[in-house]
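A short write-up of the structure that comes next.
No value in this document is a laboratory result; all are computed from the given coordinates. No experiment lies behind these values; they were computed from the predicted model shown. Cβ coordinates were reconstructed from backbone atoms using ideal geometry, including for glycine residues, and neighbour counts include every protein chain displayed.
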Amino acid sequence: MKPKPDDSLALEIQGLRKSFAGRVAVDDLCLQIPKGQLHALLGANGAGKTTTIRIVAGLLKADAGQVQVLGINLAAHALEAKRLMAFLPDEPLLYGKLKPLEYLEFVAGLWMVNAELAARRAEDLLRGLELWTVNNQYIEGFSRGMRQKLALAGALIHDPQLMILDEPLTGLDARAARQVKDLLLERVKQGCTVVLTTHILEMAERLAQQISIIQKGRIIAQGSLEQLREQARSAGAGATLEEVFLELTGLATGWPRFD
Amino acid sequence: MRLFWRGIGGSRKPWLMLMGVALMWAALHGFAWTLLNALGDRPVSEPWMVLLGLATCLTFTMMLSSAVNQSVRMIFERGDLDLLFGSPLPPLRVITVRALAVAVHSVALVWFVLAPLAHVGVWLGQMRWLGLYVGLAALGLLAAALGIFITINLVKIVGSRRARVTAQIVGAVTGALMFLMSQISAMLDSPPE
């Protein structure tokens, strides 16, 4: 008998596989993320993080395996699943010749959000992210940080239940990074599930309730920071996430001594 | 449409741009009037038929070059497919709209130049000139289909930037060939010495 999908999970991945021209990017990956959690997905470059999240976002087709998004089978009901989630790539495209409100209205239209509701949400998001004052300027003149914040607003306009963010803090200054972090934590408190990839381990350490480490297309460790510390015993009791990560992935570097 | 309008500088003095386009189109209608009145209803001679056939082939090549250029831009360089395919829009609808946009782009300039012939022809009672619309639509769709097919395969081999350069070179060479053809037509018309 086929097991019923677990309703308490925002994301369930079983046996995911994906190869590109013979190179295995994701290799029998299994992951379960409960609802209402901020989950960090860590891994070295080329570990398979981006491939995994792009499959979950419905942008890539897996070679094998199953993905359930909020209890919905992604392969069978992709459009239904996409209605409930948002994906933010590491370098999001923003139309340079649009203004912020126009961009948000366009994205809201893609998710079939009622126009009046979209306008209200757009204003709230732009004010919250300190972009309302530049609402009459074209996006092409925005800094990297402003674009990232606007892209995040676009991901939030349809009030998703699951957010998949690829390196959301890259290029942000301290103030903008703080605004984004606060916004994400607020959303998690309201019941949204956030899955993010990041190379900034301090950020993952401070924000994430659960962390998964990917290496060579597989999850090699998963849990809270305390649980990961237990798995990486040699890293030490008060080890930072960076030390735990390097220990578990075997990527600890030793600089040569110059005598 | 908003992006296209702003991309061509339409938000700055749009009335000036529209007036210029309208004047140009009026001039093309005037040229079509002169040409169709001179041609009248007499049948087209064989050398002219060959020349028209060659012109059609070269026009299609220019449309194909434009289609490849637009396909590279819309599929690989514009970068918004992640947003569109990540949304609950049916993917087939996204692809169809993009393909139609490529077709419209590839036929737009040719239509702008040739449509006056159809309009004036109808005015003069020569209904066969309406076939231009049907012919251009068919060629535009064919150019878009071939253009997208060529683009996907060309980008796999040489990358997106070189694919665009290749399309631009083909367009430039075709334009030069059309100029040479116009000189041949002048030679055909001049009396033998």
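Under unit Cβ charges (Lys, Arg +1; Asp, Glu -1), what dipole magnitude, rounded to 20 debye, does the stretch B:43-187 have relative to its Cα centre? Working shown, then result.
Working: 9 positive and 4 negative charges, 61 e Å.
Charge dipole of the stretch B:43-187: 300 debye, to the nearest 20.
Taking the alpha-carbon distance from residue B:156 and a cut-off under 20 Å, which aspartates and glutamates remain once sequence neighbours fewer than 8 residues away in the same chain are dropped?
Those aspartates and glutamates meeting the cut-off are B:77, B:80, B:82.
Please find the FRET efficiency linking residue B:134 to residue B:165, where r is the Cβ-Cβ separation and R0 is fixed at 25 Å, and quote it to the nearest 0.05. It would help to have the intermediate numbers written out before the result.
Values: r = 33 Å, r/R0 = 1.33.
After rounding, the FRET efficiency stands at 0.15.
Which value at 222 nm does chain A reach when only helices count, each DSSP H run of 4 or more adding -39,500 (n - 2.57), with the total divided by all residues and rounded to the nearest 500 deg cm²/dmol?
Working: 9 runs with 92 residues, N = 259.
My calculation for chain A gives -10500 deg cm²/dmol from helical runs alone.
Quick one: if you stick a label point 7 Å off each Cα along the C-beta vector at residue A:24 and residue B:38, how many nm between them?
7.3 nm
Taking the Cβ of residue A:104 as the center, what net charge do the other residues with Cβ under 10 Å away carry, scoring Lys and Arg +1 and Asp and Glu -1? Write out the running numbers ahead of the final one.
Numbers: positive: A:99, A:121; negative: A:102, A:105, A:123.
That sum, taken over residues with Cβ under 10 Å, equals -1.
Calculate the mean, over all residues of peptide A:75-86, of how many other protein chain Cβ atoms lie within 10 angstrom of the residue's Cβ.
Details: counts 0, 0, 0, 4, 5, 1, 1, 5, 2, 1, 2, 2.
Whole-number average of other-chain Cβ neighbours for A:75-86 is 2.
Which pairs in the list A:18/A:216; A:18/A:189; A:49/A:181; A:97/A:149; A:99/A:149; A:49/A:82 are over 22 Å apart, alpha-carbon to alpha-carbon?
With Cα atoms farther than 22 Å apart: A:18/A:189.
Is it possible to state the helix-based mean residue ellipticity at 222 nm for chain B, with each DSSP H run of 4+ residues giving -39500 (n - 2.57), the sum divided by total residues, to the nearest 500 deg cm²/dmol? What is it?
Working: 7 runs with 154 residues, N = 193.
Rounded to the nearest 500, the figure is -28000 deg cm²/dmol.
How big is chain A in terms of Cα radius of gyration and Dmax, in angstroms?
Looking at chain A, its Cα Rg and Dmax stand at 19.2, 70 Å.
With only Lys, Arg, Asp and Glu charged, each at its Cβ (+1 for the first two, -1 for the last two), find how big the charge dipole of the stretch A:9-249 is about the Cα centre; round to the nearest 20 debye. Mind dumping the intermediate values first?
Working: 27 positive and 27 negative charges, 60 e Å.
For this selection, approximately 280 debye.
Taking every DSSP beta bridge that has both residues in the protein assembly as shown, what percent is antiparallel when rounded to the nearest 5?
Working: 21 of 39 bridges.
If we restrict to bridges inside the protein assembly as shown, about 55 percent are antiparallel.
Does a label point 7 Å from the Cα of residue B:93, set along Cα-to-beta-carbon, have any residues of the stretch A:99-118 with amide nitrogen under 20 Å, and which are they?
A:103-118
With labels modelled as points extended 7 Å from the Cα through the Cβ direction, what inter-label distance (nm, one decimal) is found for residue A:199 paired with residue B:172?
3.8 nm
Three principal axis extents, largest first, for the C-alpha atoms of chain B, in Å?
Result, largest extent first: 65, 40, 29 Å.
Where does the stretch A:76-170 land on the Kirkwood hydrodynamic radius, alpha-carbon pairs, in angstrom?
After inverting the pairwise mean of 1/r, the radius is 13.4 Å.
Can you give the convex hull volume per residue for the Cα atoms of the protein assembly as shown, as a whole number of Å³? Don't skip to the end; give the middle numbers.
Details: hull volume 110.3 nm³, N = 452.
Hull volume over Cα atoms, normalised by residue count, gives 244 Å³.
Antiparallel versus total DSSP beta bridges in the stretch A:9-249: what percent is that, nearest 5? Can you show the working numbers first?
Numbers: 21 of 39 bridges.
In the stretch A:9-249, approximately 55 percent of DSSP beta bridges are antiparallel ones.
So what's the convex hull volume per residue for the Cα atoms of the stretch A:197-246, in Å³? Present the calculation step by step, with values, prior to reporting the outcome.
Working: hull volume 3.7 nm³, N = 50.
Taking only Cα atoms, the stretch A:197-246 has a hull volume of 74 Å³ per residue.
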